[in-house]
Amino acid sequence: MTAELIALAERVPKVELHLHIEGSLEPELMFALAQRNGVALPYDSVEAVRAAYQFSNLQEFLDLYYQGMSVLQTEQDFYDLTMAYLQRIHADNVVHTEVMFDPQGHLERGIAFETVFNGIERALRDGERQMEISYRLIMSFLRHLSEESAFDTLREAEPFLGRIDAVGLDSSEKGHPPEKFARVFARCRDLGLRLTAHAGEEGPPDYVWQAIDGIGVDRIDHGNRALEDEALVAELVERKLTLTVCPLSNLKLCVVDDMAQHPILDMLKRGLKATVNSDDPAYFGGYVNDNYRALIAHLPLTHSHLYDLVRNGFDGAWMTNAERQKHIRTLDQAFSVRC
Ligand code: ADE
Ligand code: ZN
């Protein structure tokens, strides 16, 4: 049964709604780009990089994540990074991805916004043509920086806003509540952008309240700690807000102690629109299918749970309704053929 369910999860069309493109930088590519750009790395092998990926909290990961970004310098680097990610998810039968990028992590190193944007977008366009993976782009603000810095970034992004679909909020959560960014998010909404924010990964349920009431997000990234507040769960259910849950990330960052204790089935049972995503696959040990495999291996996950998780992804995606219906027809067909 487990093997059957894993095979089904692997072959059905899926979406990814929570992915930091900089977090898809595999150690092999990190070394290749370091060499290409003459950047020194504090590791002497790919194995040493992987061995360093032991984290006891979000901040320990972020320190290495920002260090890893230092090898990304040219438009071609951002292209190669994004194309490698697309090839990897194509193998997982991901047909639509909503990609986050962190411009402030590059601007502060002297890399121009257009260098980052053009490299990522060119790969996404090529990926759509070559592999039929549709996409949306989410520009994320770093919450450990000021709201003024977020406004500066929005100004830098102005010439590209017609090609950016949404804004997000990521980086160190504790001590940086969503309401710190209420004005910049209000401006983004006025500009017609969709809004999402990391909330309730490490931060308290109150940060999820702030994200939905103070900011008015269209989606919540993670949201695990919302489960601690009954009224909040009821509100998320009522608003049908999608949660972009990241199981392997949660394990690696000690948000959960054990995959067998992951709350994703509890989320479904309580009526939350949970989805499965990889977050930073190069750092957390896996892409979308690895996340499904881990859940199926460790939780009493049924055929119907699997359908709901994949279907919630399509329902929560910022794709057109015509695209959504086309994919859901294929999905329903795959689920109706029992092997
Ligand atoms: N930036 C990249 N991955 C992140 C995560 N899981 N949480 C917050 N910020 C991030
Ligand atoms: Zn994330």
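Could you order the peptides 242-252, 296-306 from most to least packed, using the average number of other C-beta atoms within 10 Å per residue?
242-252, 296-306
Can you give the FRET efficiency for ASP213 and ARG129, using 1/(1 + (r/R0)^6), R0 = 41 Å, r = Cβ-Cβ distance, to the nearest 0.05?
With a Förster radius of 41 Å, E is 0.50.
Identify all lysines with a Cα-Cα distance to LYS326 below 21 Å; exclude those on the same chain that are fewer than 8 residues away in sequence.
Of all the lysines, those that pass the test against LYS326 - Cα under 21 Å, at least 8 places apart if same chain - are LYS14, LYS273.
Give me the percent of accessible area attributable to carbon and sulfur for the chain, probe 1.4 angstrom.
Roughly 48 percent, rounded to a whole number.
Roughly how many nanometres apart are two label points built 7 Å out from the Cα toward the Cβ at THR302 and ASP290?
3.0 nm
For n ≥ 4 DSSP H runs only, could you compute -39500 (n - 2.57) per run for the chain, divide by its residues and tell me the 222 nm figure to the nearest 500? It would help to have the intermediate numbers written out before the result.
On the way: 17 runs with 171 residues, N = 339.
Dividing the helical sum by the residues of the chain leaves -15000 deg cm²/dmol.
For segment 2-335, what is the relative contact order in percent, using Cα pairs closer than 8 Å and at least 6 residues apart in sequence?
Once divided by the residue count of segment 2-335, the mean separation gives 21 percent.
Need one number: nm distance between label points at LYS326 and TYR66, each 7 Å from Cα along Cα→Cβ, rounded to one decimal.
4.1 nm
ASP44: accessible area at probe 1.4 Å, nearest 10 Å²?
140 Å²
Counting only heavy atoms of the protein chains, get the accessible area per residue of the chain (1.4 Å probe) and round it to a whole Å² value.
39 Å²
Can you work out ³J(HN,Hα) from phi for every residue in segment 88-100, in order, using Karplus 6.51 cos²θ - 1.76 cosθ + 1.60 and θ = phi - 60°, giving whole Hz and x for Gly and Pro?
5, 6, 4, 5, 8, 6, 7, 10, 7, 9, 10, 9, 8
How high is the FRET efficiency from LYS269 to VAL337, r the C-beta distance, R0 22 Å, rounded to 0.05? Before the final figure, lay out each step's value.
Values: r = 27 Å, r/R0 = 1.21.
Calculated value: 0.25.
For segment 1-86, what does the alpha-carbon gyration tensor say about shape, rounded, prolate or oblate, given a ≥ b ≥ c as the root eigenvalues, a/c under 1.5 as rounded, and a/b over b/c as prolate?
On the way: a/c = 2.20, a/b = 1.61, b/c = 1.37.
In terms of gyration-tensor shape, prolate.
Can you tell me the order of 209-218, 196-205 when each peptide is scored by its average per-residue count of other Cβ atoms within 10 angstrom, highest first? Display every interim value, and only then the final one.
Working: 209-218: 20.0, 196-205: 25.0.
Descending mean neighbour count gives 196-205, 209-218.
Could you give each residue of segment 113-127 its phi-based ³J(HN,Hα) in whole Hz, using Karplus coefficients 6.51, -1.76, 1.60 with θ = phi - 60°, and x for Gly or Pro?
3, 5, 5, 5, 4, 5, x, 5, 5, 4, 5, 4, 5, 4, x
Only four residue types carry charge here, +1 at the Cβ of Lys and Arg and -1 at the Cβ of Asp and Glu. Report the dipole size of the chain about the Cα centre in Debye, rounded to the nearest 20.
1020 debye
Given the Cα-Cα distance of ARG239 and ALA182 and 0.36 nm per residue of separation, how much length would full extension add, in nm? The partial results should precede the final answer.
Details: separation 57, 0.36 × 57 = 20.52 nm, distance 1.98 nm.
Contour length minus the Cα-Cα distance gives 18.5 nm.
Take each of the peptides 182-194, 64-76, 270-282, average the number of other beta-carbon atoms within 10 Å over its residues, and list them starting from the highest.
Answer by packing, highest mean first, reads 270-282, 64-76, 182-194.
Among rounded, prolate and oblate, which fits the chain when a ≥ b ≥ c are the square roots of the eigenvalues of its C-alpha gyration tensor, a/c under 1.5 means rounded, and a/b larger than b/c means prolate?
rounded
The values are calculated or read from the model by the stated rules, or taken from the named source; none is laboratory data. Note that the coordinates shown come from a computational prediction; the quantities given were computed from them, not determined experimentally. Note that each Cβ is placed from the backbone with ideal geometry, even for glycine, and that neighbours are counted across all protein chains shown. The accessibility values were calculated without ligands, DNA or RNA, using every heavy atom of the protein model including side chains. Shrake-Rupley method; radii C 1.70, N 1.55, O 1.52, S 1.80 Å.
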